[in-house]
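The values are calculated or read from the model by the stated rules, or taken from the named source; none is laboratory data. A quick note: this is a predicted structure, and the numbers were derived from the prediction, not measured. Here Cβ is always computed from backbone atoms with ideal geometry, including for glycine, and neighbour counts include all displayed protein chains. Note: accessible area is taken over every heavy atom of the protein model, side chains too, but ligands, DNA and RNA are not part of it. Shrake-Rupley method; radii C 1.70, N 1.55, O 1.52, S 1.80 Å.
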Amino acid sequence: MRSAALALLAGAALGTFDRHADAAPRTSSLAWVRMPGAEACVDARTLALAVERRLGRVAFVPPTLAEVAIEGRIERSQEASVWRATIRVFGASGAAIGSRELEADQVDCRAIDEQLELVIALLIDPDASLVPPGGPAASAGGGAPGAGAPVRLVQLPPRVTGAPALAVCPPAPAASSAPWRVGGAVAAVGGLGLVPGPASVGLGVRVHVAPPRGPGFALGGALWASPVVSEVPGSPAFSLAHGTLSVCPLETARGGTALSGCIGAMLGSLRVEGPALPSRFRHERLVVDLNLDTRVRQRFVGPLFGAVGLGIAVPTVRDVYFYTDAAGARHNVFQASPVAAILDLGLGLELP
């Protein structure tokens, strides 16, 4: 009697589903959600297989191929012993066709399984057999789940146009929701070919900005030590101060490790000083270099990170610094290398 009543109500409420007997079977999709607290209830795959066994055929296809979309959920109502299953039906156009609600006054939510199978099967095919998969004996002998469970079939109003439909799973977060990363570091820098000597050292700072999408940016600067060229009369000293602006088309991060690749320009001043140096050597020169570098940042604790960078600088102007001895012979003191190498080791903070 209970199955017959469910069939009568489901078939009457969805009269628009009726087809001629010789019509092709209707294709349907099923989305089933177990709300919090209902994790022990029937899952989507088990429910779909049970409905297909009842219909005796494959009934469910992907949503993009379905003529009818069936969306449902099961949850515990405010009354602790009442389980409520809500089923909504939509046509191919997305318009709501009908809604159903089943309630079972049982402690075990699996008591409602048989009724769910029957109602969904009838929504797909009103002419489906009312005999459960186990045969007449199963429904009469009380062996099927929910054999004695009181079930109420409740008519719900059609879904309001524009109301959100049930989703099988929450959508993945958009890539744009990733945070911007902003950090700054102080570094010890070393170079070869920027000022006289086999190697030079200095102190640098660097600020980087890494957006969630697209290239990053870096702004920095360095002040290089002033090595003294002792073999030159007057012992001239060279010093270099510059700032760097770079764009970083390569900017990736995984876990606490980030890798960047940047290209930019260095703008600075090269100064030569010496009390006994001829006047033509005592001057300050504007320098512009093209810069290319790659850098690895590693988070340690919280926002604290360490960084290692390796880069090259290509000067646009390569002046020759020289002096003339008493005999009139010219001696070259320094000329910037065609390609200079730069290494830095830094420590800084990055947010978030």
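Note on region 161-217: residues that are at pLDDT 70 or above and either among the hydroxyl-bearing types (Ser, Thr, Tyr) or open to solvent by 40 Å² or more (accessible area, probe 1.4 Å) (or both) amount to 21.
Scanning region 97-110 turns up at least one residue that is part of a helix (DSSP H, G or I) and either under 20 Å from residue 43 (Cβ atoms) or modelled with pLDDT under 85 (or both). Applying the condition of being assigned to a loop (DSSP other than H, G, I, E, B) and either more than 28 Å from the chain's Cα centre (by Cα) or among the polar types (S, T, N, Q) (or both) to region 44-76 and asking which residue is surrounded by the most Cβ atoms within 10 Å (Cβ to Cβ) yields 59.
Please enumerate the residues belonging to region 175-204 that are more than 24 Å from residue 339 (Cβ to Cβ) and part of a strand (DSSP E or B). Of everything in region 175-204, those that are more than 24 Å from residue 339 (Cβ to Cβ) and part of a strand (DSSP E or B) turn out to be 181, 182, 183, 184, 185, 186.
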